[in-house]
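Notes follow the structure.
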Amino acid sequence: MTRWLFFLLPVLFVSCGPGSRVRPAPSFPADSLIGEDLMVQILADVHTIEGGLQVLRNRGTRLGSMPEDLYNGLYRKYRISEPRFRENLAYYRTDPENFMKLYERVVQELKSRQQRFKLPGTKNQPGD
């Protein structure tokens with residue numbers, strides 16, 4: 001029994017190492033995969049929508065159908081459906097390391113947008 005452990009433990013360590021991670025194939029048709037560049041833009045828009053909605057909630061604004069309308073506009077803008085967006089998001093989440101890299105790009109995109117819309121003479125916010 002002990003001999004088997006000495007053999008199996010190194011095999012388990014090697015097979016569970018960082019180089020062994022492979023993103024599984026999507027569970028949807030390959031032509032439905034949203035490319036990373038487009039996914040960055042979509043996620044940046046999602047966070048812009050969510051930020052705006054949160055500001056309105058904090059002000060006590062009753063949102064009604066506004067969130068649904070904004071998300072429907074997002075889906076129309078990118079010519080995608082909600083299920084396709086959710087499937088792709090779930091797919092990208094299957095590889096946490098690459099998902100973090102994708103989100104680093106989303107943060108950079110949001111910072112870039114913030115700089116474009118910043119009024120002349122305004123001070124930077126903490127974290128800029």
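Every number in this text was worked out from the coordinates using simple rules, so none of it is lab data. Owing to the predicted nature of the structure, the values given are computational and were not obtained by experimental measurement. Cβ coordinates were reconstructed from backbone atoms using ideal geometry, including for glycine residues, and neighbour counts include every protein chain displayed.
Separation between the Phe117 and Arg62 pseudo-spin-labels, each 7 Å from Cα along Cα→Cβ, expressed in nm?
My value for the distance between the label points is 2.7 nm.
Hey, rough spin-label estimate for Val107 and Val46, points 7 angstrom out along Cα→Cβ, what's it come to in nanometres?
It works out to 1.7 nm between the two label points.
On a full-extension model of 0.36 nm per residue, what is the gain between Glu36 and Glu82, subtracting their alpha-carbon distance, rounded to one decimal in nm? Before the final figure, lay out the partial values.
Values: separation 46, 0.36 × 46 = 16.56 nm, distance 1.71 nm.
That works out to 14.8 nm of additional length.
Leaving out same-chain residues fewer than 8 places away, which aspartates and glutamates sit with a Cα under 16 Å from that of Lys101?
Glu36, Asp37, Glu109
Which log10 I(q)/I(0) values does region 33-116 give at q = 0.13, 0.14, 0.15, 0.19 Å⁻¹ under the Debye formula, counting every alpha carbon as one identical point scatterer?
Log10 I(q)/I(0), no solvent term: -0.46, -0.54, -0.61, -0.93.
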